[in-house]
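Take a look at the structure set out below.
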Amino acid sequence: MKKLLSSVLALTVFASSCAYAKYSDVPPSEDYYLSSTRLADLGIISGYEDGTFRPDNTITRAEFTKIVVCMMDKEKEAKASTNLTGFFDVDVASWHTHYIRYAVSRDILSGYADGSFRPDNTISVCEAVTILLRTLGYTEDEVGYYWPDNYISAAASLGFTAGIDLAPHEALTRKSAAVLVDRALFAKPSASLSPANTYIETTGYTVLEDSLILDNDLSSDSVTVLSGNLKKNTASAYLSKTQFSVASGDVYNYAVIDKNGYLVTVREYESGEKLCSVSGVLNKFTDNNIEYTTVDGLKGSYNADDSFVIYYGSDRLTPQQAKSRISNGTDITFYGNSYGLWNIAVIGSSERLTPIMASKNYTDSDGYLGNIPINPNNLTVYRNGEASKLSEIKAGDVVYYNTKTNVMDVYAKKVTGTYYSAYPSKAYVESVSVGGKEYEIGNSSATDRLNASEGAFDIGDKITLLLGKNDKIAFVTDNAQGFDYSAYGVVIKSESRIAQDGENKGSTEFVTTLFMSDGEEHDIVTDKLYKDSIGKFVSINYKNSLAYLMNRVSVTKDDYAGKIDKSSRTVNTRYVLKDAAIIQRISDENTAVASCELLDFDKLTASKISEDNIINAVSGNSFGDIAILYVNGLENTNSFGVIAGFVKNNNSTVGYKILSNGYQESYNLSAASISTSVGAGVEFKAQNGVISKIYPMRKIASAASVKAVEGGRIYIGGKIYKLADDVQIADISDTSKIKSVTIDDLAENLSASVVLYSDKADGVIRVITMKK
């Protein structure tokens, strides 16, 4: 992978030039290959203009001084300093003057008693390690006063000199310098300098320990890295600028991220420290037991508990979630700190999958996806993350087909709107603004349609983005195929502003915020203000780069009201499309700024939709199937939990500690406090640690014991009550240590007293408290 480096040190030719780490005279088998490549990644040492590194050449005092200043990431600061060094043999016009001046001012090195610096003298091994120790903040008090013996010993204890077969006073070669500096970067600095684990962290880099490369997208140079506690931490994606050929499945001691968020280099483990792993092919996945055959043909199995983490690409899954995504024959690799004690597993092939745009509505008998043959045997299809089938792939869908595992991941999300702006520029476009949102490009074919090349779309054009993995742009068209969900929305607010980008930059423009069927708010540049349409359901049309909004005529509500049947996906016998959006208004009708949320049809708890619930609707085809429902009061999407304590300030309640979904968190209040007690059920809405709404829950029933309880029901006091799918159960026996328990725990303690809570008088039970 190529990387253009900034001006870095060419140890003999000091003119600035681009450098590449794969030197013609440094084969990968050499023990200094990794160090020389890593230092080129970091802009500390580079080679010569002819592509060589010349590893056996020696280094002068001036050259090593520059290396150390670059290692400190202080080259710009050094060049800005005075060129007066105080040494009679350092020419003020020389290339090395500023580096010497800076290093001496930091007490990293000094000159000789006669007032000279001797910049062209060859530097020795002991001089180099002394300079490096001082750079890391180590003083004579820490190292010792006997030079060079104490310094050589200190360098050895920090791992600088292991394997370097040079006497202390011998001239330092370029290959040995690369190894010494590389090791110093990742050594622990003096506590007086920094508490960091590695010196490189003190220079502004972020160092990710125990880093596993989950995904490496060669088309966009995006690398997904999981680091640290593999089970608890989440993966992050970085643009890669390293010259190392990192690949999915690689494990490194360190991954280094620069101040701009780029992965700039990686560092391998020392011998014996590496994370353990075993790779194989999945044979069977039942309950939580994973049976596999290793690449060596050995049979194995692993019993994964509920906290075990499985990655499919960059998707983090529980065993239960992964089970529906894995088919027998899938590649699987386990990772952990010791063999058999695995932290995570990574499934699926590591091959790079190129997105394909579906050119038609598919049938189960189709034999090709584009020009790729479809294997109908055990074909697994996921559309928008849910189990699907080939016949549900529609024209305009984005498909990733892993032929090795015979799995298709299909994405149907589309965004239609005005091409507002390109970032950082249209000539070098990496992301674009459409429909008030910025979208990152994830495929080269999309780049070709959005950049400055001939035939690409212009700023101001109406376009449709077809989004693939991680909501990145896979393809761009000038028309939306199928039902155009982005042609409708609910007006949230409307205001004027000075345009910061786009064709109107510097001028006043009207911006209307719409809540749309993707569940997000979009800022649309409109022809006028639409304050009279706040909370209204509108259609969106485009003309001359502007959006024109039109209030939708109200539908006949009894056509859409009736019984909800999730198994047949119908409301009052009217079919609800797979991609249907149910938008629920949660703000008051006449508010100055509206608020909405997106509901999932498959997770509705309501059994029917009344005419009072319906605000508007749109059919998606000539059959009248429901594409968009705009409702209010249909579903309660608040959270439910148990009061575990109070947050006080001067004896006033300013927040609550609430146990919800298995976790206890402290929340501040932006709403009025309520009369409640520890162990009571509450209904609340919170965001970013702040409660905006909170209510006491309805106490439906209580009993001194439980007669029976199972998955969806509980029997107490001579009556059976229905439980919510996500019912919260809390053990409040000790109010100082309230904890979440499962239905199985309650079933084992039927003699416990219980209280049942709901959000409605006739609603399902959402919270149960038990006391042993």
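The values are calculated or read from the model by the stated rules, or taken from the named source; none is laboratory data. Everything numeric here is computed off the predicted structure, so don't read it as measured data. Cβ: placed from backbone, ideal geometry, glycine included. Neighbour counts: every protein chain shown. Each accessible area value is taken on the protein alone, full model and side chains, heavy atoms only, with ligands, DNA and RNA left out. Shrake-Rupley method; radii C 1.70, N 1.55, O 1.52, S 1.80 Å.
General remarks:
- Among the residues of segment 27-60, those identified as surrounded by 23 or more Cβ atoms within 10 Å (Cβ to Cβ) and in contact with a Gly (Cβ under 9 Å, 6 or more places away or on another chain) are Ser36, Ala40, Phe53.
- Residue match in segment 284-291 (condition: touching a Ser or Thr at 6+ places or on another chain (Cβ under 8 Å), part of a strand (DSSP E or B) and either open to solvent by 30 Å² or more (accessible area, probe 1.4 Å) or not β-branched (Val, Ile, Thr) (or both)): yes
- Any chance Ser222 is surrounded by fewer than 21 Cβ atoms within 10 Å (Cβ to Cβ), modelled with pLDDT of 80 or more and among the polar types (S, T, N, Q): no
- If the condition is being at pLDDT 80 or above and aliphatic (A, V, I, L, M), then segment 300-326 contributes Ala304, Val309, Ile310, Leu317, Ala322.
- Of the strands (runs of 3 or more DSSP E) lying entirely inside segment 632-751, those containing at least 1 residues that are in contact with a strand residue (DSSP E or B) (Cβ under 8 Å, 6 or more places away or on another chain), of a type outside the set (Val, Ile, Thr) and closer than 28 Å to Asp588 by Cβ are 639-649, 652-660, 663-669, 681-687, 690-696, 698-703, 719-731.
- Tally of residues being without any contact (Cβ under 8 Å) to a residue 60 or more places away in the chain and in a helix (DSSP H, G or I) across segment 66-92: 7
- Consider segment 663-703 and keep the residues that are exposed (fewer than 14 other Cβ atoms within 10 Å of the Cβ) and of a type in the set (Ser, Thr, Tyr). The one that is farthest from Ser751 (Cα to Cα) is Ser670.
- Evaluation of Thr173 against (1) within 24 Å of Tyr269 (Cα to Cα); (2) out of contact with any helix residue (DSSP H, G or I) (no Cβ under 9 Å at 6 or more places or on another chain); (3) touching a residue at least 12 places away in the same chain (Cβ under 8 Å) (one fails), failing number: (1)
- Every pair of residues 6+ apart whose Cβ atoms lie under 8 Å, when the first sits in segment 664-686 and is at pLDDT 90 or above while the second is surrounded by 18 or more Cβ atoms within 10 Å (Cβ to Cβ) and of a type in the set (Asp, Glu): Glu683/Asp759
- Screening segment 358-399 for residues that are open to solvent by less than 20 Å² (accessible area, probe 1.4 Å) and hydroxyl-bearing (Ser, Thr, Tyr) and picking the one that is modelled with the lowest pLDDT gives Tyr382.
- Qualifying residue in segment 494-506 (condition: outside any loop (DSSP other than H, G, I, E, B) and within 30 Å of the chain's Cα centre (by Cα)): no
- Cβ pairs under 9 Å, 6+ apart, first in segment 422-451 and in contact (Cβ under 8 Å) with a residue 24 or more places away in the chain and closer than 14 Å to Leu465 by Cα, second part of a helix (DSSP H, G or I) and of a type in the set (Val, Ile, Thr): Ile441/Thr447
- Count of residues meeting criterion [assigned to a loop (DSSP other than H, G, I, E, B), open to solvent by less than 30 Å² (accessible area, probe 1.4 Å) and free of Cβ contacts under 8 Å to residues at least 40 places away in the same chain] in segment 585-631: 0
- Residues of segment 525-558 classified as surrounded by 14 or more Cβ atoms within 10 Å (Cβ to Cβ), in a loop (DSSP other than H, G, I, E, B) and among the small types (Gly, Ala, Ser), total: 2
This table checks each residue for (1) out of contact with any strand residue (DSSP E or B) (no Cβ under 7 Å at 6 or more places or on another chain); (2) of a type in the set (Ser, Thr, Tyr).
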position: Thr139; (1), (2): yes, yes
position: Tyr146; (1), (2): yes, yes
position: Asn150; (1), (2): yes, no
position: Leu208; (1), (2): no, no
